[in-house]
Amino acid sequence: MLKHELARPLELFRPGIIDDLMRPWNEIMGNGNWLSEFRASVPAVNIEEQDDNYLLTLAAPGMKKDDFRIDIEADQLTISSEKESEKEERGKRFRRKEYAYSSFSRSFTIPAEVQAEKIDAHYADGILSLKMPKKEQARKQQTSRIVQVN
């Protein structure tokens with residue numbers, strides 16, 4: 001009998017009741033979507049070796065090309081961004097003002113065969129692309145051949 005009595009209060013916390021209790025708060029705060037602006041994340045990166053260069057692509061949707069900073073120091077390439085935003089909503093009986101700050105930094109070691117002074121960056125459709133051309137020696141060394149199995 002004791003187990004049954006303890007279980008009854010827990011029935012009050014089924015998802016439907018919690019959703020009903022939180023509904024006014026969610027309506028005021030925009031169903032929790034405002035939290036997505038505050039989430040810290042590190043953009044995904046792909047690095048592809050091609051015949052004449054390396055291609056580094058970084059997924060960063062919703063940004064502008066001016067939001068990025070790309071630094072090269074010795075053999076380190078660092079891509080970073082800091083972004084602040086402010087959002088204000090007004091209604092008859094409320095005023096809500098939110099601030100968001102997001103940043104990331106990714107560093108990579110540049111291979112010795114890359115011409116660091118000729119690295120080129122381009123941002124389009126949410127993708128930052130860095131083309132890192134190989135030195136002439138590195139291009140010539142990549143000759144294809146067939147190896148015989150003995």
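Please treat every number below as a calculation from the coordinates, not as lab data. Please read these numbers as outputs of a predicted model, since none were measured by experiment. A quick note on method: Cβ atoms are made from the backbone with ideal geometry, for glycine too, and the neighbour counts reach across all protein chains shown.
Brief remarks follow.
- Region 43-141: relative contact order as a whole-number percent, Cα under 8 Å and 6+ apart: 30 percent
- Cβ-placed point charges (K, R +1; D, E -1), dipole of region 43-141 about Cα centre in debye, nearest 20: 760 debye
- Annotation: amide H-H contacts under 5 Å for Lys135 (H modelled 1.01 Å from N, sequence separation of 5 or more, or interchain): Val114, Gln115.
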